[in-house]
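Note sheet for the following structure.
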Amino acid sequence: MAQNSQIATEWEWFTNYIEEIENNTAEDLLINKEEKLQAAKDIENKELESKIAKELALIHIYKTNNLEEAMPLLIRAMEIDEASEDEISLIFTYLGFYSLFEKVEDYYYGKEFLNKASTLLRNYNFPPVRIFINQKLGYSYWSTGETGKSIEEHQNILQYAQKERIPKVEAKANTDLANIYKDISSLDKALEHYKNALSIYRRIKSPVEEAKCLNEIGDLYLIRNDSKRAYENYIVALDILNDLSNVEANRASVYNSVANYYLKENNPGKAVENLAISNRLAQKSQNQLLIQETYAILSKAYKKLNNYQKALEYSELYKALDDFLQKEKNDRNILKIQSRYTITQKQNQIDQLELNKIQKEFELEEERKFKNFLAIMVVLAAIIMILIFILFISQRRSNAKLKTANEKVKTQNQELEDLNNTKDKFFSIISHDLKGPLNSLTSFSGLLMNHTSSLSTEEIQMLAKDLDKSLKNLFALLENLLQWSRSQTGNIEFKAEEIDLTEMLNENKKLLEKQADNKNIQIEVKNTKSVKAKAHPNSITTVIRNLLSNAIKFTEDGGQIKMGVVEEENQFVVKIADNGVGMPKEVASKIFRLDTKHSTQGTAKEKGTGLGLILCKEFVEKNGGQIWVKSEEGKGTIFSFSIPK
Ligand code: ADP
């Protein structure tokens, strides 16, 4: 409904403004108009700009007849309304266009704008504008020869006005219909509608319209040769008009009718009398058509009076005026063509713009699609590149891993090979060592078997003593070998237990004391308090016994051996020192090695196996420790081994 109030306001403005144009001079109307239009443009008030443009256009249409000025103003207003989608404002812009085309009698274009306005108006319920448009459509159809459609429009208005009781509109629709029926010679229908209009105008007291109807009704009666009735109507019309002012044209029209009546009655003298009055009135009203009509009847009347001179005079005046009117019509035609051209051009422009817009949108859409496609491709390419990179990196990593693994395998293989070589060498040495005592054993046993009778008891005893010595040596070698091989095959379980190192040193001292005594060697254990460590008892005691036995073996008569345990931060270090023969540096570097078995005789010619220290190293390492030697030839030796805490 807010929209209806807006359309009501606009309608009021439209009708008032047209009235204002009628009642004012062009100069007054145009005062400040251009400035106001410029101001509206400056402050960018589009709504106001559209309205002022329309006002200016209407002034040029109805007052200055400058349609060339009016057209661009209306086009501007249309552009603004279309851009802002202001439908109501656009309806009145279309009505402005209609006014322009109506002015040049271009009803084809006029109709088009009325139909545009009519379509927009469907969204609103505001009868006055609907009626206005339908009336104008009725006139346009009439002018373009579409009589049926024209009658239909006026009939619709009539029905609506009757239903809604709007007498003024009802009366107007009746006269419009009557005019059409009169033109197509449906005289009965024409008469009926004029009579209807007449009674309404009487009722609502519109004397000028009433008189016009009476005049028309009179004319119809005159056509029907009912002169008496015609005359009666003319007289009433004149009675009404004579009491009014500013109705010269209407009066002139009735007097012309009266003149026609007298001509029909074959009274040209009376006709000329009435025509004199109508001519004066018509001249005063400046209504060219009326003047022309008067001239025509005057010429006819004078002809009947046989005054050919006068008849010719009026005939020429008629023609002169006709020429003038024709010229005006031609001018209008030129304007009509110009206006049509401008509006068609404008329409073409709009169509072209629309086309360009669609084209542009299409291009933009294409561009957008292409950009999307590109973006997707770039992303895909990036993903593929990243994947390739990742693949490359992982390949390189696994290659590196493989390489290190290969290297490890290689070094392990090398180590294994080395170890195997070492063991091969070791076994060849051992087998040689085993062969030695066994050879001497077989030669002993051979001697005993073959020469038993020739050998003395002392000799046999000596041989048996040597045999025993050889066997003991062999036994020691085998025992060491067995122990070593057990440790190698993992048959000895080096399970750590709590041991007392001091106690262990003392036990071994006791065990080997007899041997030491034989060589007058003193053994001293430095520690008095117990030293508790965690290690495998059997292996550690074997190591101590081996080291102590060596110390006794390689120390001269009357020598000294010292044993002890030193506690360090992370380990215990067991030391066994003697002041015996010692050994050169190159020997010290060989004694723990498997591949260079080294053995020398003891100070009392004790034989060795060369396996003891190798076993010691093996056992110490199985307990997580290390073994090392410090020795000086002729001064003595210190063996040390560690046990981690
Ligand atoms: P064996 O004593 O049976 O020969 P070992 O492996 O026990 O075998 O010792 C190897 C060699 O190391 C000895 O033959 C000797 O030359 C040297 N050796 C070992 N202990 C000592 C020591 N306390 N003083 C000097 N030389 C030693």
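FYI, it's all coordinate maths here, none of it is from the lab. All of these numbers come straight from a predicted model, not from anything done at the bench. Positions of Cβ are generated from backbone atoms using ideal geometry, with glycine treated the same way; all protein chains shown enter the neighbour counts.
A compact table of results
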| read-out | value |
| --- | --- |
| Neighbour-count order for VAL208, VAL525, VAL574, fewest beta carbons within 10 angstrom listed first | VAL208, VAL525, VAL574 |
| Partners for LYS36 among aspartates and glutamates (Cα-Cα distance below 16 Å; same-chain residues under 8 apart left out) | GLU27, ASP28, GLU44, GLU47, GLU49, GLU55 |
| Rg(Cα)/(2.2 N^0.38 Å) for the chain, N = residue count | 2.82 |
| Cα centroid of the stretch 1-60 to Cα centroid of the stretch 281-330, whole Å | 41 Å |
| Size of charge dipole - the stretch 1-144 - debye, nearest 20, with Cβ of Lys, Arg +1 and Asp, Glu -1, no other charges | 520 debye |
| Most to least packed among 404-411, 319-326 [average Cβ atoms within 10 Å] | 319-326, 404-411 |
| Residue-averaged [θ]222 nm for the chain, counting only DSSP H segments that reach four residues, each worth -39500 (n - 2.57) | -26000 deg cm²/dmol |
| Between the stretch 552-578 and the stretch 347-409, the alpha-carbon center distance in angstrom | 79 Å |
| Spacing of the two label points (7 Å from each Cα toward its C-beta) at ARG122 and ARG486, in nm | 11.6 nm |
| Degrees separating the helix 67-84 axis from the principal Cα axis of the chain, which is the longest one | 40 degrees |
| Backbone HN-Hα couplings from phi across the stretch 22-27 [Karplus 6.51/-1.76/1.60, Hz, Gly and Pro as x] | 4, 8, 10, 7, 4, 4 |
| Of LYS423/LYS526; LYS509/LYS529; LYS597/LYS645; LYS51/LYS346; LYS465/LYS519; LYS410/LYS645, those spanning more than 27 Å from alpha-carbon to alpha-carbon | LYS423/LYS526; LYS597/LYS645; LYS410/LYS645 |
| Cα-only radius of gyration and Dmax that characterise the stretch 1-86, units Å | 13.1, 39 |
| J(HN,Hα) series, the stretch 392-407, from Karplus relation 6.51 cos²θ - 1.76 cosθ + 1.60, nearest Hz, glycine and proline x | 4, 4, 5, 4, 5, 4, 5, 4, 4, 4, 4, 5, 5, 4, 4, 4 |
| Between 0 and 90°, nearest 10: helix 612-622 axis offset from the chain longest Cα axis | 30 degrees |
| Equivalent ellipsoid dimensions for the stretch 334-433 as semi-axes, Å, which come from the Cα gyration tensor, largest first | 94, 5, 4 |
| Cα-derived Rg over Rh, computed across the stretch 101-233 with Rh taken as Kirkwood radius | 1.02 |
| DSSP-assigned coil residues among trypsin sites (Lys or Arg not before Pro) in the stretch 463-533, each with at most 16 further Cβ atoms within 10 Å | LYS495, LYS526, LYS529 |
| Long-range amide H partners of GLN626 with built H, under 5 Å | SER642 |
| Per-selection Kirkwood Rh - the stretch 1-144 (Cα, Å, 1 d.p.) | 15.4 Å |
| Cα long-axis angle, helix 248-264 against the chain (0 to 90 degrees, to the nearest 10) | 50 degrees |
| Highest average packing first - 134-140, 356-362, 597-603, Cβ atoms within 10 Å | 134-140, 597-603, 356-362 |
| Cross-link partners of LYS630 among aspartates and glutamates (Cα-Cα below 13 Å; sequence separation of 8 or more within a chain) | ASP578, GLU586 |
| Mean projected area (nm²) of the alpha-carbon convex hull when the stretch 592-645 is viewed from all directions | 4.5 nm² |
| nm² value of the averaged projected area, convex hull over the Cα atoms of the stretch 95-149 | 3.5 nm² |
| Per-selection Kirkwood Rh - the stretch 337-388 (Cα, Å, 1 d.p.) | 14.3 Å |
| Using distinct alpha-carbon pairs, which all enter the 1/r mean, Kirkwood radius of the stretch 221-288 in Å | 12.1 Å |
| Long-range amide H partners of VAL525 with built H, under 5 Å | MET563 |
| Cross-link partners of LYS590 among aspartates and glutamates (Cα-Cα below 16 Å; sequence separation of 8 or more within a chain) | GLU618, GLU632, GLU633 |
| Alpha-carbon Rg/Rh ratio, for the stretch 493-644, with Rh computed the Kirkwood way | 0.94 |
| Equivalent-ellipsoid semi-axes of the stretch 497-550, from the Cα gyration tensor, Å, largest first | 21, 13, 7 |
